[in-house]
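Enquirer: Okay, handing you the structure first.
The values are calculated or read from the model by the stated rules, or taken from the named source; none is laboratory data. Model, not experiment: these values are computed from the prediction. Because the Cβ atoms are built from the backbone with ideal geometry, glycine has one as well, and the counts that use them run over all protein chains shown. For the accessible areas, the whole protein counts, side chains as well, though only heavy atoms, and no ligand, DNA or RNA atoms are used. Shrake-Rupley method; radii C 1.70, N 1.55, O 1.52, S 1.80 Å.
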Amino acid sequence: MQNKASTSAANKPNNLLKGATGEWEVIIGLEVHAQVASKAKLFSGASTTFGAEPNSNVSLVDAAMPGMLPAINGECVAQAVRTGLGLKAQINKRSIFDRKNYFYPDLPQGYQISQYKNPIVGEGTIEIDVDGVTKVIGIERLHLEQDAGKSIHDQHPDYSYVDLNRSGVALMEIVSRPDLRSAKEAQAYVTKLRTILRYLGTCDGDMEKGNMRADVNVSVRRPGAELGTRCEVKNVNSIRFIGQAVDYEARRQIDIIEDGGTIRQETRLFDNAKGETRSMRSKEEAHDYRYFPDPDLLPLEFDQAFIDGLQKGLPELPDEKKARFMAQYGLSAYDASVLVAEKESADYFERVAKGRDGKAAANWMINELFGRINKEGTTIATAPVSDVANNAIIGMISDGTISGAIAKKVFDIAWTTGRDPIEIVDTDGLKQVTDMGAIEKAVDAIITANPDKVEQVKLKPSMLGWFVGQAMKQSGGKANPQQVSDLLKAKLGI
Ligand code: MN
């Protein structure tokens with residue numbers, strides 16, 4: 001990534017860190033490697049299936065046998081273009097594959113086929129929301145490249161092994177501008193990027209499997225000063241670790257500078273267990289890799305019709321969906337963003353909200369359903385109360401069949417027994433009591449039993465809630481709270 005500040009508004013100093021000698025601004029840029037969702041590798045027909053026997057998904061091309069020629073996988077190209085469109089980025093109709101030369105035992109070619117000066121996708125943007133503030137983060141580029149194999153050191157005390165299953169798998173390297181200013185913003189950026197990739201279906205975003213990982217570039221400076229020397233923390237593989245890496249690295253650099261030292265540009269690794277970064281090697285420059293166009297591959301070219309075809313097939317993306325949810329269902333920005341964070345939950349919400357009040361459906365989903373899902377460590381797909389069942393419960397609340405309190409009880413019964421909510425309400429006699437005679441009897445009993453409270457409520461009307469609560473309790477939660485309240489007000493003369 002280039003070491004220059006962006007011109008965007010994102011550059012205003014905020015989120016400053018305190019040091020011993022004053023405040024510091026943290027500058028973060030991310031290079032995210034996202035595995036392209038594709039059955040076959042970038043330049044061979046070998047499978048990309050995760051978890052296969054070591055070295056079982058390896059073609060002669062992936063093993064770099066002499067004389068083998070790479071052949072571009074058109075689906076990977078289409079996925080990169082779709083991703084570029086989803087990031088509202090410049091699509092380059094002509095791009096070039098280059099060889100990035102380095103030696104490593106898990107790289108039998110002795111070079112990685114990547115893109116250097118002419119990537120397939122140019123500048124784009126991602127919007128993030130942090131603490132209620134929306135910020136636009138610049139994307140510098142997206143390029144296609146091959147993954148390397150994997151070295152295995154922990155199987156034998158004397159030997160290391162190489163598994164080439166990953167060798168040649170297509171990656172998209174998505175490079176941000178140095179527009180991020182805090183661990184929180186870096187985490188929000190990666191979360192949003194992952195959401196967009198999942199909506200597009202171009203990467204599954206599974207960080208545990210290494211299908212998405214980030215190189216985190218961090219530097220610090222006095223607010224408004226020139227950019228400082230940055231360090232790159234390689235291959236951070238969870239959102240939580242990205243936050244820890246930023247915080248640790250910023251603090252480390254501030255301490256060095258405040259002690260009179262200088263930052264050495266270097267590549268560092270992140271120790272997951274300790275939450276620390278450690279020096280790996282001094283940072284190599286682009287010229288160390290002796291990039292040159294791969295003579296085995298022609299420039300990658302396509303026309304506008306190819307791009308237009310992919311554009312037409314794009315799904316509704318998270319930002320657009322959020323805007324539509326706010327307009328169509330009257331949701332707050334926060335509720336809408338919670339629901340669109342996963343496409344699955346957004347689709348589920350629309351089924352729950354069908355024929356119902358959108359706000360009520362969103363509240364129900366976020367508080368009751370998500371609350372229970374988090375508590376039980378399950379997912380929407382496997383939750384025992386279905387979309388249809390939740391829709392039915394919300395319907396019964398809005399037409400007055402049950403109260404909100406009873407609805408929670410019905411939800412709990414449905415969750416633990418798998419019974420149908422409408423059947424639960426019928427069979428268990430949970431229908432709201434709207435029989436005024438029965439409600440009046442309960443209200444009268446409470447008034448008679450509490451003469452002191454009756455005196456108090458006349459001076460302090462906020463005490464009415466206590467009477468409503470008692471009446472509701474006596475009815476087993478089945479009385480209509482509005483009717484109870486109205487009746488109490490009439491009887492107490494308030
Ligand atoms: Mn890369």
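Enquirer: Can you list the residues, at least 5 places off or on another chain, whose amide H is less than 5 Å from the amide H of N480, using H built in the peptide plane?
Expert: When sequence neighbours closer than 5 places are left aside, the close amide H contacts are V433.
Enquirer: Rounded to the nearest percent, how much of the accessible area of the stretch 300-356 (1.4 Å probe, protein heavy atoms only) is carbon and sulfur? Could you put the intermediate results ahead of the total?
Expert: Numbers: 1600 of 2990 Å².
Here it works out to 54 percent.
Enquirer: Report the calculated FRET efficiency for E208 and M68 (r = Cβ-Cβ distance, R0 = 35 Å), to the nearest 0.05.
Expert: Numbers: r = 32 Å, r/R0 = 0.92.
Step by step, r from the Cβ atoms, then E = 0.60.
Enquirer: Which far-off residues, 5 or more places away or on another chain, put their amide H under 5 Å from the one on E276, with H placed in the peptide plane?
Expert: Here D271 satisfy the definition.
Enquirer: Please give the contour-minus-distance gain from N272 to V133: 0.36 nm per residue of separation, less the Cα-Cα distance, rounded to one decimal in nm. It would help to have the intermediate numbers written out before the result.
Expert: Working: separation 139, 0.36 × 139 = 50.04 nm, distance 3.00 nm.
Length gained between N272 and V133: 47.0 nm.
Enquirer: Testing the spin-label approximation: label points 7 Å from Cα along Cα→Cβ at K184 and K354. State their distance in nm.
Expert: 3.9 nm
Enquirer: Under unit Cβ charges (Lys, Arg +1; Asp, Glu -1), what dipole magnitude, rounded to 20 debye, does the chain have relative to its Cα centre? Mind dumping the intermediate values first?
Expert: Details: 61 positive and 67 negative charges, 216 e Å.
Here the chain has a charge dipole of around 1040 debye.
Enquirer: Hey, got the Cα dimensions of the chain along the principal axes, in Å, largest first?
Expert: 94, 56, 54
Enquirer: Moving on. Quick one: Cα centre-to-centre distance for the stretch 228-254 and the stretch 264-301, in angstrom?
Expert: 16 Å
Enquirer: Starting from the stretch 413-494, pick out the GluC sites (Glu not before Pro) whose DSSP state is loop and whose Cβ has at most 15 other Cβ atoms within 10 Å. Display every interim value, and only then the final one.
Expert: On the way: sites: E423, E440, E455; in loops: none.
Here no GluC sites (Glu not before Pro) fit, given the DSSP loop and packing criteria.
Enquirer: Okay, next question. Counting other Cβ atoms within 10 Å, which GluC sites (Glu not before Pro) in the stretch 135-240 have at most 12 and lie in a DSSP loop? Walk me through the numbers before you get to the answer.
Expert: Working: sites: E140, E145, E173, E185, E208, E226, E232; in loops: E208, E226.
Counting only loop positions with at most 12 other Cβ atoms within 10 Å, the GluC sites (Glu not before Pro) in the stretch 135-240 are E208, E226.
Enquirer: Give the residue from P157, A305, I96 lying farthest towards the positive end of the charge dipole for the stretch 17-310; charges sit on Cβ (+1 for Lys and Arg, -1 for Asp and Glu) and the dipole is referred to the Cα centre.
Expert: Positive-most Cα among the choices belongs to A305.
Enquirer: A follow-up question, please. 7 Å from Cα along Cα→Cβ at both S398 and I152: what's the point-to-point distance in nm?
Expert: Here the modelled spin labels are 5.5 nm apart.
Enquirer: For K473 and K18, compute 0.36 nm times the residue count separating them, minus their Cα-Cα distance, and round to one decimal in nm.
Expert: On the way: separation 455, 0.36 × 455 = 163.80 nm, distance 5.34 nm.
Gain in length upon complete extension: 158.5 nm.
Enquirer: Follow-up. When ranked by the protection proxy of mean other Cβ atoms within 10 Å per residue, highest first, what sequence do the peptides 311-319, 121-129, 388-396 form?
Expert: Working: 311-319: 14.6, 121-129: 18.9, 388-396: 20.9.
My ranking of the peptides, most packed first, is 388-396, 121-129, 311-319.
Enquirer: Work out how much length R264 to D444 would gain on full extension: take 0.36 nm times their residue separation and subtract the Cα-Cα distance, in nm to one decimal. It would help to have the intermediate numbers written out before the result.
Expert: Values: separation 180, 0.36 × 180 = 64.80 nm, distance 8.02 nm.
Additional length available on full extension: 56.8 nm.
Enquirer: Let me ask something else about it. Cross-link candidates for K234: which lysines have Cα within less than 24 Å, leaving aside residues fewer than 8 places away along the same chain?
Expert: The qualifying lysines are K4, K41, K100, K117, K150, K184, K192, K209, K274, K283.
Enquirer: Just name one of M68, G210, T416: the one whose Cα is farthest towards the positive end of the charge dipole of the chain (beta-carbon charges, Lys/Arg +1, Asp/Glu -1).
Expert: So the residue furthest toward the plus end is T416.
Enquirer: Using only Cα atoms, figure out Rg for the stretch 436-492 and give it as a multiple of 2.2 N^0.38 Å. Each step should come with its number before you reach the end.
Expert: Details: Rg = 10.2 Å, N = 57, 2.2 N^0.38 = 10.2 Å.
That ratio works out to 1.00.
Enquirer: Efficiency by 1/(1 + (r/R0)^6): what FRET value for T434 and R94, r their Cβ-Cβ distance, R0 = 51 Å, to the nearest 0.05? Spell out each step's value before the answer.
Expert: On the way: r = 72 Å, r/R0 = 1.41.
About 0.10, to the nearest 0.05.
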